[in-house]
Amino acid sequence: MRRPIIAGNWKMNNTASEGVALIEALKPLVQDANCDVAVCVPAIDIPAAAEALKGSNIALGAQNVHFAKKGAYTGEISADMLKEYGVTYVIIGHSERRQYFGETDETVNKRTLAAIEAGLTPIVCIGETLEERETGKTEAVLARQIENGLKDIEDLTKIVIAYEPVWAIGTGRTATAEQANETIGYIRKQLAEKFCPKCAEKVRIQYGGSMNAGNCKELMAMPEIDGGLIGGASLKPNDFAAIVNFDK
């Protein structure tokens, strides 16, 4: 049985003090969760968030990591820098990183391998645009992202995959539970065919397309969906807690 994981992606929101206030409000609401819980915060918030999360069941995540251990990479952050503050998860290849900052399947792969080597758990994002879905390219896009983005990973159980249909992020549009389940089933099939059948059954695959308090129960009832990568709803303690406590 795969243990569900609900991770909040704050994106570029919350100053350190605002983040601490959010965490303090969230902690009692999710302390009895039957799933893994994480918040992936802006890099500058990590020290304050790490302190606020101490003693709680909420793990700390980052939103990006560089593939080099150190060097002339202005503006980047290494895995060791993240680990020093107790970061355990890191989002890699989010559609916004791909769209705005030139992230490619190849750089996703390099960042993922670096994170695994450092003992971090990557949340690797894959997904298609609206144009790609409407032109029947969803499966081809996902197959390419899986083959190139996960190349040379020896143990797939060390990563989490987030399926995020780009057309459903921040738009209010959401794939139906059946659509999401079918596509995540296809992802799992690709993992089995390209890598390892046994590992594919153990890999946790989140849905990252506007999961919210209203639709989380239906989505989480699907057999292939193992959690959610939550954007806007993770900025509201009660909404995020409702998703975390989807089974109650």
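Tabulated values for the structure
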{"quantity": "Any hit, the stretch 28-43, residues being surrounded by 21 or more Cβ atoms within 10 Å (Cβ to Cβ), more than 18 Å from the chain's Cα centre (by Cα), under 21 Å from residue 162 (Cβ atoms) and not β-branched (Val, Ile, Thr)", "calculated": "no"}
{"quantity": "Evaluation of residue 189 against (1) closer than 16 Å to residue 95 by Cα; (2) more than 15 Å from the chain's Cα centre (by Cα) (one fails), failing number", "calculated": "(1)"}
{"quantity": "Residue check for residue 16: touching a residue at least 12 places away in the same chain (Cβ under 8 Å) and buried (at least 18 other Cβ atoms within 10 Å of the Cβ)", "calculated": "no"}
{"quantity": "The listed residue being part of a helix (DSSP H, G or I), touching a residue at least 12 places away in the same chain (Cβ under 8 Å) and of a type in the set (A, V, I, L, M, F, W, C), out of 124, 141", "calculated": "141"}
{"quantity": "Residue in the stretch 149-162 that is farther than 22 Å from residue 2 by Cβ, surrounded by fewer than 17 Cβ atoms within 10 Å (Cβ to Cβ), of a type outside the set (S, T, N, Q) and free of Cβ contacts under 8 Å to residues at least 60 places away in the same chain present", "calculated": "yes"}
{"quantity": "The stretch 202-234: number of residues that are without any contact (Cβ under 8 Å) to a residue 60 or more places away in the chain and of a type outside the set (A, V, I, L, M)", "calculated": "10"}
{"quantity": "Condition met for residue 84 (without any contact (Cβ under 8 Å) to a residue 12 or more places away in the chain and in contact with a strand residue (DSSP E or B) (Cβ under 9 Å, 6 or more places away or on another chain))", "calculated": "no"}
{"quantity": "Residues (within 16 Å of residue 241 (Cβ to Cβ) and of a type in the set (A, V, I, L, M)) located in the stretch 28-51", "calculated": "29, 30, 33, 37, 38, 39"}
{"quantity": "Yes/no for residue 64 being under 22 Å from residue 208 (Cα atoms), in contact (Cβ under 8 Å) with a residue 24 or more places away in the chain, in contact with a His (Cβ under 9 Å, 6 or more places away or on another chain) and among the polar types (S, T, N, Q)", "calculated": "yes"}
{"quantity": "Qualifying residue in the stretch 103-121 (condition: part of a loop (DSSP other than H, G, I, E, B), buried (at least 23 other Cβ atoms within 10 Å of the Cβ) and either modelled with pLDDT of 95 or more or touching a strand residue (DSSP E or B) at 6+ places or on another chain (Cβ under 9 Å) (or both))", "calculated": "yes"}
{"quantity": "Every residue from the stretch 205-248 that is under 18 Å from residue 63 (Cα atoms), touching a Phe, Trp or Tyr at 6+ places or on another chain (Cβ under 8 Å) and surrounded by 20 or more Cβ atoms within 10 Å (Cβ to Cβ)", "calculated": "205, 206, 207, 208, 209, 227, 228, 229, 230, 233, 234"}
{"quantity": "Residue in the stretch 98-107 that is farther than 24 Å from residue 4 by Cβ and touching a helix residue (DSSP H, G or I) at 6+ places or on another chain (Cβ under 6 Å) present", "calculated": "yes"}
{"quantity": "Lone unmet requirement of (1) part of a loop (DSSP other than H, G, I, E, B); (2) out of contact with any strand residue (DSSP E or B) (no Cβ under 7 Å at 6 or more places or on another chain); (3) in contact (Cβ under 8 Å) with a residue 12 or more places away in the chain for residue 75", "calculated": "(3)"}
{"quantity": "Residue among 62, 33, 68, 43 that is closer than 19 Å to residue 158 by Cβ and of a type in the set (Gly, Ala, Ser)", "calculated": "62"}
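The values are calculated or read from the model by the stated rules, or taken from the named source; none is laboratory data. None of these values were measured; they are calculated from a predicted model. Virtual Cβ from ideal backbone geometry, glycine too; neighbours counted across all protein chains shown.
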